[in-house]
Amino acid sequence: MLIKRFVFAVMALVIMTSAGCGFKLQGSYSIPSQLSHLSLDSQDQYSELTRLVSERLRLNSVTIEHNNSKLPVLNLLNDSLQRATLSLYPTGNVAEYELIYQVKFTVTLPKQEAQPFSVEIRRDYLDDPRTALAKSREMELLLHEMRIQAADAIVQKLASIEIN
């Protein structure tokens, strides 16, 4: 009985300490209440990025409504993937790329102009021409991870918007 009380007291102390220091679970953001209901627009409503952003918004208690002109609008304008050469093999073939995934979006509050934002995710990618099939699958997985990071960054930027 004494051990149970001790364990309970320690757990309560840990919970109070972690809550007091501002600890939050990863991916959990304080979205301003003015953005708790918004409209999500995208060039491609069925793209992986749009789906990921929509999921992240719902996880952060944001209700997404479509075609409501009285709500703030998150507009995903475009996303692009670029690659730059980082290193070469002695034969002159590319050995390593830097992948740059960029997303441009705007947030428009009612009766205000659109605020432009962009998110950029960078990753290094080793390229071996002898394993082309495996590398194409690796590239797909890497791009998926970069889109997840971009969706998280978009929600994080929404949380940082100062609303007057």
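For the reader, a short list of remarks on this structure follows.
- The calculated 222 nm mean residue ellipticity attributable to helices in the chain amounts to -12500 deg cm²/dmol, summing -39500 (n - 2.57) over DSSP H runs of n ≥ 4 and dividing by all residues.
- Lys/Arg +1, Asp/Glu -1 at C-beta; the stretch 2-160 dipole; positive extreme among 91, 116, 63: 63
- Once the Cα atoms are used to define both axes, helix 132-160 deviates from the longest principal axis of the chain by about 40 degrees.
- Charges were assigned to the Cβ only: +1 to each Lys and Arg, -1 to each Asp and Glu. The resulting dipole of the stretch 35-164 about its Cα centre is roughly 220 debye.
- A run of the chain free of exposed loop cleavage sites, with trypsin sites (Lys or Arg not before Pro) counted only in DSSP states other than H, G, I, E and B and at most 14 other beta carbons within 10 Å, reaches its longest extent at 112-164.
- Helix 48-59 axis, angle to the chain major axis (alpha carbon atoms, nearest 10°): 10
- Within the stretch 56-164, the GluC sites (Glu not before Pro) that combine a DSSP coil assignment with at most 11 other C-beta atoms in a 10 angstrom radius are 65, 113, 162.
- Using alpha-carbon coordinates, inclination of helix 2-20 to the longest axis of the chain, degrees: 60
- Inter-centroid distance (Cα atoms) of the stretch 47-86 relative to the stretch 125-150, Å: 23
- FRET efficiency, residue 30 to residue 89 (Cβ-Cβ, R0 45 Å, nearest 0.05): 0.40
- The length gained by stretching the chain between residue 131 and residue 65 to full extension, at 0.36 nm per residue less their Cα-Cα distance, is 19.3 nm.
- Once the Kirkwood radius over Cα pairs is known for the chain, the Stokes-Einstein relation at 25 °C and 0.890 mPa s delivers a diffusion coefficient of 130 µm²/s.
- Of all beta bridges that DSSP places with both ends in the chain, some 80 percent have antiparallel geometry.
- Comparing 37, 66, 144 in a Gaussian network model of the chain where C-alpha atoms under 10 Å apart are linked, the largest mean-square fluctuation is found at 66.
Values in this text are rule-based calculations from the coordinates and carry no lab data. Everything numeric here is computed off the predicted structure, so don't read it as measured data. Please note: Cβ atoms are built from the backbone with ideal geometry, for glycine as well, and neighbour counts cover all protein chains shown.
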